[in-house]
Each structure stands twice: as C-alpha cells, then as structure tokens.
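The values are calculated or read from the model by the stated rules, or taken from the named source; none is laboratory data. The model shown is predicted, which means the values in this text are computed figures rather than measured ones. Neighbour counts are summed over all protein chains in view; Cβ atoms, including those assigned to glycine, are modelled from backbone coordinates with ideal geometry. Each accessible area value is taken on the protein alone, full model and side chains, heavy atoms only, with ligands, DNA and RNA left out. Shrake-Rupley method; radii C 1.70, N 1.55, O 1.52, S 1.80 Å.
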Amino acid sequence: MFKLGKTKPVMFEQIGIIGCGLMGSSFALAMKKAGLVKRIVGYSKSPTTTAKALKMGVIDVEVASALQAVSGSNLVLLAVPVSATEPTLKAIKHLVTADMLLMDVGSTKQDVVDAARRILGTMLGSFVPAHPIAGKELSGVEHADGNLYTGRQVILTPTAKTKVAQLNQAQAVWTALGCQVKVMPPEAHDAAFAAVSHLPHLLAFALMNSITSQEKGEAFLDLAGTGFRDFTRIAASDPKMWHDIFLANRIQLTNQIDQFKQTLNVLSSLIANDDSASLTSALAKASYERSQWKLADKNQEN
Ligand code: NAP
C-alpha cells in the first residue's frame with residue numbers, strides 16, 4: 001500500500017507536454033505560474049495546435065514528435081485522449097528514464113495502467129497515472145487556463161511498480177498547483193467515476209438525443225428553462241473524448257447503466273400505477289441525499 005510522503009516540488013529544467021489541448025496546456029500554464037519549470041516543450045497531433053500553444057506562451061518550444069518532447073525532459077505529461085495512451089507510450093518508451101516523472105491525466109485508469117504495464121517494461125516505475133478532477137466541456141488549447149487545477153482533487157492510481165520517489169514527486173507537483181491528492185487502485189477509481197461522471201455524461205447525451213429525435217423535439221427545446229440547461233450542460237462536451245472514456249470503462253459503465261435502468265423502471269412503474277405514497281418517499285429520499293451532498297472541492301466543474 002502506498003503512503004504519500006512530504007517531498008517538496010523541485011524546479012523542473014524541462015517539461016514535455018504530449019497533447020497540447022485543454023488539460024495539457026492548462027498544466028503547462030499552471031506549472032509556469034507556480035514557478036516550477038524553466039522550459040516547456042510541446043508536441044501535439046496537429047502542428048496548428050502546437051503553433052497556437054507557442055503563440056499563447058503555453059509552451060516555449062514546439063517539436064515534431066512525442067519522442068522529441070520526452071528527450072531531455074524531467075517531467076513528461078501525457079494529455080491525450082485515453083485511446084491514444086498506448087500508441088503514445090510505444091512511441092516514447094525508448095527515452096523514458098528511471099529518474100523521470102511520467103504522468104497522464106486520462107479520465108479512466110485501469111486501461112491506462114494496463115497499457116503502461118504492457119509497454120513500459122523496466123521503466124514502469126517512472127509512471128504515475130493521474131486523473132485531475134478538473135476540466136470543462138470546452139476542449140482545445142484556446143481554452144487553456146492556468147487556474148484550472150486550483151482547488152481540485154487529483155486521483156493518483158500507482159501501479160505495483162511505481163517508485164515511491166516518483167509518487168511523492170507527483171503528489172508534490174499537484175499539491176503545489178493547489179490540488180488535494182488522493183491515491184487509490186485503478187479499479188476503485190473506475191468504479192467510482194463510472195457512477196459519478198461517466199453515467200451522468202451518458203445520460204446528458206442520451207437526453208439530448210431522446211428529445212431531438214422526436215418530431216416536436218426542436219419545439220420542446222425552445223421552451224426549456226434553466227433546469228434543462230443545468231442538467232444538459234455536459235452534453236456539449238467533446239464527443240470524441242467521451243466516446244473513448246465510455247469504451248475504456250465499458251464494464252463499470254454498463255454496470256451503472258443497468259443499475260440506473262432498474263431505478264428508472266421502479267419510478268416509471270410508481271408513476272404508471274399512480275402510487276403516490278411510494279413515489280413521494282422515493283423523491284424525498286433523493287431530495288434529502290442531494291441536499292446533504294457537498295462537492296469535495298470548491299469550484300469543481302466536471
Ligand atoms: P483536448 O483539449 O481535446 O486535448 C487533447 C489533445 O491531444 C489535442 O490537442 C489533440 O489533438 C492531442 N492529441 C490527440 N491524439 C494525440 C496523439 N496521438 N498524440 C499527441 N497528441 C494527440 O482534450 P482534453 O480535455 O485536454 O483531454 C485530454 C485528456 O484529459 C483525456 O485523456 C481526458 O480523458 C482527460 N481529462 C479531460 C477532462 C476534461 O474535462 N476535459 C477532465 C479530466 C481528464 P490536436 O493536437 O490535433 O489538437
């Protein structure tokens with residue numbers, strides 16, 4: 001069992017960011033703001049993204065491959081869609097060193113840990129899988145925000161081979177960015193986030209499709225108010241990113257879908273049968289639980 005230590009964050013000579021979108025670029029800006037890095041090298045799939053990141057001052061040097069972003073870096077952050085994690089690890093594995101801190105920010109963790117185990121070999125110890133519980137429904141470098149991680153939780157899911165030095169360093173980095181760090185096994189992470197993140201996003205997407213597929217759907221939407229706006233905010237999220245997350249966490253997510261269907265069926269029967277007493281008690285229970293629930297972080301969005 002890992003215990004977090006009290007390592008102070010070191011000043012990194014060079015950080016390599018692979019994937020200069022919302023999460024990677026926000027990390028770069030936050031590290032610069034905290035004064036924890038001298039130089040940031042960035043690689044992204046599209047050269048237009050790195051050009052924009054350079055122009056915005058997110059990165060200091062743009063490079064043409066993931067491997068070049070790793071060369072000479074003390075900290076490397078993978079901030080790519082989870083489906084791109086394994087090919088990216090394959091592309092960089094030759095330059096991952098024993099004293100480097102390698103992290104990701106993927107929203108699912110078991111698939112990332114499995115990919116790292118398959119690819120990294122003896123360098124698996126350098127890898128600290130991470131999931132910052134931060135973000136927004138707007139992706140891309142243009143939405144990068146140096147305060148994105150402030151006050152948020154970060155979940156670390158170390159592998160059995162992750163070295164304590166790297167784990168402590170990862171904790172020190174995220175703490176220096178104003179995050180609260182938790183450590184848990186990847187399967188526990190994926191089970192929890194299937195319930196409180198992946199299912200709610202799926203439901204928001206499903207509700208939009210359910211309404212817009214009806215003949216009068218567009219007219220209904222014209223009448224919708226703030227409750228509908230709040231419920232469906234996350235349906236505007238990046239479809240490609242959520243496609244990847246749903247498939248990467250398919251077992252836990254389908255368990256949650258089954259659980260949700262059962263609850264919905266019960267409520268549907270209570271309404272169909274005009275069972276006022278049971279409906280009242282089911283709604284009162286949900287209302288009470290929601291009123292007691294508090295965000296673990298202030299300002300947390302997704
Ligand atoms: P994003 O804004 O779309 O950024 C992803 C970036 O990675 C883009 O710049 C993208 O392409 C680049 N990319 C894609 N495939 C690549 C590859 N093979 N090699 C190098 N770069 C590649 O998405 P994001 O929101 O930052 O998400 C990044 C990761 O953070 C995902 O794994 C996601 O699960 C996780 N995450 C997101 C949130 C959130 O709310 N957004 C929250 C927590 C965790 P271009 O270079 O073409 O632009």
Scanning the range 215-238 residue by residue, those within 16 Å of the ligand (Cβ to nearest atom), out of contact with any helix residue (DSSP H, G or I) (no Cβ under 8 Å at 6 or more places or on another chain) and not acidic (Asp, Glu) turn out to be ALA236
Of the conditions (1) modelled with pLDDT of 95 or more; (2) within 16 Å of the ligand (Cβ to nearest atom); (3) charged (D, E, K, R), GLU137 fails just one. Which one is it?
(1)
Consider ALA79 carefully, then state whether it is modelled with pLDDT of 95 or more, within 13 Å of the ligand (Cβ to nearest atom), open to solvent by 10 Å² or more (accessible area, probe 1.4 Å) and small (Gly, Ala, Ser).
yes
Identify the single condition in (1) without any contact (Cβ under 8 Å) to a residue 12 or more places away in the chain; (2) open to solvent by 50 Å² or more (accessible area, probe 1.4 Å) that GLU187 does not satisfy, given that it satisfies every other one.
(1)
Would you call ILE59 more than 11 Å from the ligand (Cβ to nearest atom) and crowded, with 24+ Cβ neighbours inside 10 Å?
yes
Let me confirm something: among LEU148, LEU77, LEU67, which residue is within 24 Å of LEU36 (Cα to Cα), assigned to a strand (DSSP E or B) and of a type in the set (A, V, I, L, M, F, W, C)?
LEU77
How about the range 106-119: which of its residues are away from the ligand (no atom under 11 Å from the Cβ) and open to solvent by 10 Å² or more (accessible area, probe 1.4 Å)?
GLN110, ASP114, ARG117, ARG118, ILE119
Looking at MET123, MET103, can you tell me which residue is farther than 29 Å from ILE234 by Cα and crowded, with 18+ Cβ neighbours inside 10 Å?
MET123
Is it the case that GLU289 is among the acidic types (Asp, Glu), over 25 Å from ALA191 (Cβ atoms), open to solvent by 80 Å² or more (accessible area, probe 1.4 Å) and free of Cβ contacts under 8 Å to residues at least 24 places away in the same chain?
no
Qualifying residue in the range 292-302 (condition: hydrophobic (A, V, I, L, M, F, W, C), part of a helix (DSSP H, G or I), within 28 Å of the chain's Cα centre (by Cα) and more than 13 Å from LEU199 (Cβ to Cβ))
no
The residue that is nearest to PRO87 (Cα to Cα), considering only those in the range 5-52 that are part of a helix (DSSP H, G or I) and basic (Lys, Arg), is LYS52
